[in-house]
Amino acid sequence: MGFNFMETGIAKVTADRKLELPEELQQRLNPLTEYEVSLSDDEIVLKKIKKRLTLDELYWRIDALEPDPNQPTLEEISQIVKQARREEKTQNL
């Protein structure tokens, strides 16, 4: 079982009753993720709703990925395929 590190910060309710979260906490939240909200006199609890990955969220995650610096070029891929074919031919002789 993994250990979940909990970050804390100071949230504020604005004059128009919007909840503002600290930037460092907002950075930890994924767009399009929904949370169940519980409110008591002393605390507000946000609990992530676990559901299947939507197509929009998949596209968002793909767009958020950085390019792979080790991605081979098409020329390198072509050379790898040619080498594999040569090796396969020699093994089948």
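Descriptive notes on the structure:
- All positions within the range 3-26 that are surrounded by fewer than 10 Cβ atoms within 10 Å (Cβ to Cβ) and either part of a loop (DSSP other than H, G, I, E, B) or touching a His at 6+ places or on another chain (Cβ under 9 Å) (or both): 3, 4, 5, 6, 7, 8, 10, 14, 15, 16, 17, 18
- Look at the range 43-70: where a residue is more than 12 Å from residue 30 (Cβ to Cβ) and surrounded by 10 or more Cβ atoms within 10 Å (Cβ to Cβ) and a partner is modelled with pLDDT of 90 or more and of a type in the set (A, V, I, L, M, F, W, C), sitting 6+ places away or on another chain with Cβ atoms under 7 Å, you get 44/37; 46/37.
- Verdict on residue 80 being without any contact (Cβ under 8 Å) to a residue 60 or more places away in the chain and open to solvent by less than 100 Å² (accessible area, probe 1.4 Å): no
- Residues of the range 34-66 that are among the β-branched types (Val, Ile, Thr) and within 11 Å of the chain's Cα centre (by Cα): 62 alone.
- For the residues 32, 39, the requirement of being open to solvent by 100 Å² or more (accessible area, probe 1.4 Å) and touching a residue at least 12 places away in the same chain (Cβ under 8 Å) singles out 32.
The values are calculated or read from the model by the stated rules, or taken from the named source; none is laboratory data. Quantities reported herein were computed from a predicted structural model and do not represent experimental measurements. A quick note on method: Cβ atoms are made from the backbone with ideal geometry, for glycine too, and the neighbour counts reach across all protein chains shown. The protein model used for the area step is the full one, side chains on, heavy atoms only, and it has no ligands, DNA or RNA in it. Shrake-Rupley method; radii C 1.70, N 1.55, O 1.52, S 1.80 Å.
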